[in-house]
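One structure is given below, encoded as C-alpha cells.
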C-alpha cells in the first residue's frame, strides 16, 4: 500500500483552542481551582463556591475582590491574555497564582461562561456573556457589590466522551473538589471560604465554611476539627539560609495519625502543590514513631521565587526545585530529630485495679467456747497482719486447709497451733 505524502498546513485557531482547553481544565476541581485562584489574586477576603447537582449543572465562584475594569472586558476570556505576566523572566519573581492567561478561555471552550463584576470606581456592576471562543458577545448593567462572580454551565458539554465520563463520576469529582478547597482554606489567612451544593430538590448543604482567621492554627481547627489539631505539633525547619518549612505534623505514638494518608497538604509559598517525594519521606520517617498509621501533614515551603519552577504543567500542581536533593536531605534530618526513638511517646490508659476482698479463716475451738476468725492481709498490703477473735460454740480445731502468708514469711502449722492453744487459755 502506497501512502501519499500530504501537505502540512496550520491547524485552525478554533480547533487549537478546543484541543488545548481540554489539557488546561482536566476535571471539576481544576476548573473551580482556576476561579478560586483568580479571586485570591484579586485580593478577595471572602470566596463563596456554589454548585448545582455537585457541579454537573453549573458552578460559580463569588468574591469581594477588586473587580474587573471595563477596559479589560473584551480581553478577559481571550487565549493567553493576562495582567500578571509581561516578559518571560517575570516568572522568576512571580507571586500570583495565575499567569498563563488560559483559564477563562478554556472554560469558554468547554462550557457556557458568564461574568458579573464591579470595581470601586463603577456605580453598578456589569454582566458579561462570552461565546466558546472567548469573545465577548453581550454586556448589560446589573446590581452587585464590589467584586466578581464567574458562572460556568454544562462543563465539558462540547466534548461528548468527557461529558459522559464527568456525569458518571460526578460524586467522586465533587469529593476531589472539596479536598482541594480544604487546602486553600487551610493556607489562605484572612480569607473566608464557603462551599455549598444544591441538589435537584433545592436542598442546600454547606460542606466547607471558615471564618477568615489570620492564623494557620485556627484554620486547621475550623477545617479539620479540634480532635485532629490536638494530635498535631507545630514544625519549623530551617532548610537553608533562604528556605524554611513551617506547619504542623502528627505527634508520635499510636492514635495520633490516620489509617489513610488522605490529609497531607503541601504548599510552596502558599500555593497548594503535589510533592510526592516529600510525602513519601514524611510517611517513611513517621513509621519509626507510629508503624500502623499515616501522619497528618500541613507543610508550607517558603523559598525564593527564583529557586523553583511552577510552570511545568497547565494546572501548576507540579513543581521543580533548583536544589531538590539538598532540600530533601535537610528535610530528612529535621524530621529525624522530631521522630527519633528518644522522643517517641505513647499514651497509656489508666487501669482501675479492683479492691481485693478480705480473706477470713475460721478456726474451731476444741473446748467448745469460740471460733477464732482471722483476717488475712493481701501480700500487696503494707500493713501488718491482724487477727480478730469472737466467741462461738463449735467443738473441734481444723487447720488442714489453712495456708497463711504474711510479709513474705511462712508460718508453719505447728506454730499456728501453739499460738491458737495459748489464745484459748487466755479466754
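Any chance you could run the full-extension gain for residue 322 through residue 340? It's 0.36 nm times the residue separation minus the Cα-Cα distance, nm to one decimal. List each step's numbers first, then the result.
Working: separation 18, 0.36 × 18 = 6.48 nm, distance 2.89 nm.
Extra length available between residue 322 and residue 340 comes to 3.6 nm.
Working out 0.36 nm times the residue gap between residue 242 and residue 206, then minus their Cα-Cα distance, what length gain in nm do you get to one decimal?
Working: separation 36, 0.36 × 36 = 12.96 nm, distance 4.03 nm.
The residue 242-residue 206 span can extend by a further 8.9 nm.
Answer rounded, prolate or oblate for region 13-209, using the Cα gyration tensor with square roots of eigenvalues a ≥ b ≥ c: rounded when a/c is under 1.5, else prolate when a/b is larger than b/c, else oblate. If you can, show how the numbers build up before the last one.
Values: a/c = 1.29, a/b = 1.12, b/c = 1.16.
In terms of gyration-tensor shape, rounded.
From the P(r) of region 152-212, can you give the percent of Cα pairs sitting at distances over 19 Å?
So the portion of pairs separated by more than 19 Å is 46 percent.
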Q) Rounded to the nearest 0.05, what FRET efficiency is calculated for residue 312 and residue 168 with R0 set to 25 Å and r the Cβ-Cβ distance? A) 0.25
Q. Roughly what would the spin-label model give for residue 227 and residue 11, points 7 Å off Cα along C-beta, in nm?
A. 5.0
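Length gain on complete extension for the stretch residue 281 to residue 254, per 0.36 nm per residue less the alpha carbon to alpha carbon distance? Before the final figure, lay out the partial values.
Details: separation 27, 0.36 × 27 = 9.72 nm, distance 1.90 nm.
Gain on extension, residue 281 to residue 254, equals 7.8 nm.
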Q | Sorted by Cβ neighbour density within 10 Å, fewest at the top, the residues 151, 275, 1, 226 | A | 1, 226, 151, 275
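Readers should treat all values here as calculations from the given coordinates under stated rules, not as data from a laboratory. Every value quoted in this text rests on a predicted model; they were computed, and no experiment measured them. When we count neighbours, we look across all protein chains shown, and the Cβ atoms used for this are built from the backbone with ideal geometry, even at glycine.
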